[in-house]
Amino acid sequence: MTSAPTDKAHGKLWEGAETAQQAFADLGGHRPALLAIHDATGDGTAYRAELSDHLDQPVISGDPILRDRLELPDGWWPALEGALEKVAATTTDRVAVRQAYIDRAVPTFLGIPAPPVSHWSTVHGDLHWANLTAPELRLLDWEAWGQGPWGYDQATLYAYSLLRPDVADRVRDAFPFLGTTQTHAAEAVVCAELLQTVSRGTNLDLAGPLHKWVDQLRDRTSAARPRTPRFL
């Protein structure tokens, strides 16, 4: 159930579940299918009720940040890889991460130039541990899905794993392209987004690990920067 003033009852978040159903259906069994929508208005407010398949698996964490020990069955990580590959291959004109935000936020919160996005792909847009289930994988909450820098979902999950270094390493094992030039823009914008939340007083326990990650991104940016020839 969601509500908004009638003149704002539209756009990405309002239509996210509906458009995700049209684009992905049940994502090969890894997404609760949307069964029905009911809209109503009253006193200048619009209401939308959405009925989805019963969720028969518990979420992994009650908080986006993983703080507890994680034990997952062997097939869970390959299932996540496959689901994200299907999402990335889907065509959409929805936007999850805007270039204007990258251009503004990365210099502000990381102190480096906004890296160019070499490849855009479709992303879930909010991939954290409170939106994932186990022992069988389900991906929840599709309001934010759309186009983002390639690797954005994987970088987001890595960020929310930083308090559990063993799990963060497992995310990198599952997605070895993290830490490469291919995902530099995605990693930078995820860091910027979370450091922005830190500046607003939330996710404070991620601040230290995020700054260490930023240091790595800065080093990578410096290494990739063309050097000016020196003439003697």
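The values are calculated or read from the model by the stated rules, or taken from the named source; none is laboratory data. Keep in mind that what you see is a predicted model, and the values were worked out from it rather than measured. Here Cβ is always computed from backbone atoms with ideal geometry, including for glycine, and neighbour counts include all displayed protein chains. When the accessible area is computed, the model is the full protein with side chains, heavy atoms only, and any ligands, DNA or RNA have been set aside. Shrake-Rupley method; radii C 1.70, N 1.55, O 1.52, S 1.80 Å.
Please specify each residue of the range 1-28 satisfying the condition of being touching an Asp or Glu at 6+ places or on another chain (Cβ under 9 Å) and more than 15 Å from Trp142 (Cα to Cα).
The one that is touching an Asp or Glu at 6+ places or on another chain (Cβ under 9 Å) and more than 15 Å from Trp142 (Cα to Cα): Ala9.
Pull up the range 94-131, narrow it to residues that are in a loop (DSSP other than H, G, I, E, B) and touching a Gly at 6+ places or on another chain (Cβ under 7 Å), then point me to the one that is nearest to Leu217 (Cα to Cα).
Val97
Checking Thr183 against (1) of a type in the set (Val, Ile, Thr); (2) touching a helix residue (DSSP H, G or I) at 6+ places or on another chain (Cβ under 9 Å); (3) buried (at least 17 other Cβ atoms within 10 Å of the Cβ); (4) closer than 26 Å to Ala33 by Cα: exactly one of these is not met. Which one?
(4)
State which residue is farthest from Pro149 (Cα to Cα) when the search covers only the range 196-212 and only residues that are touching a residue at least 40 places away in the same chain (Cβ under 8 Å) and open to solvent by 10 Å² or more (accessible area, probe 1.4 Å).
Asp205
Looking at the range 31-48, can you tell me whether even one residue there is farther than 30 Å from Trp120 by Cα, out of contact with any strand residue (DSSP E or B) (no Cβ under 8 Å at 6 or more places or on another chain) and outside any helix (DSSP H, G or I)?
Scanning the range 31-48, I find at least one residue that is farther than 30 Å from Trp120 by Cα, out of contact with any strand residue (DSSP E or B) (no Cβ under 8 Å at 6 or more places or on another chain) and outside any helix (DSSP H, G or I), so the answer is yes.
Check Leu84, Leu72, Leu66 and return the single one that is open to solvent by less than 50 Å² (accessible area, probe 1.4 Å) and not in a loop (DSSP other than H, G, I, E, B).
Leu84
Closer than 14 Å to Leu127 by Cβ, out of contact with any strand residue (DSSP E or B) (no Cβ under 6 Å at 6 or more places or on another chain), free of Cβ contacts under 8 Å to residues at least 60 places away in the same chain and acidic (Asp, Glu): which single residue out of Glu85, Glu71 fits that description?
Criteria check complete, one pass: Glu85.
Hey, could you check the range 143-176 for residues that are under 10 Å from the mean Cα position of the chain (by Cα), part of a loop (DSSP other than H, G, I, E, B) and among the small types (Gly, Ala, Ser) and say which is modelled with the lowest pLDDT?
It comes out as Ala144.
Tally the residues that are open to solvent by less than 40 Å² (accessible area, probe 1.4 Å) and of a type in the set (Phe, Trp, Tyr), restricting the search to the range 1-49.
The qualifying residues number 2.
I'd like to know if the range 144-153 contains one or more residues that are more than 16 Å from Gly179 (Cα to Cα) and either open to solvent by 60 Å² or more (accessible area, probe 1.4 Å) or not small (Gly, Ala, Ser) (or both).
yes
Output the residues belonging to the range 98-114 that are open to solvent by 10 Å² or more (accessible area, probe 1.4 Å) and within 14 Å of Thr183 (Cα to Cα).
Ala114
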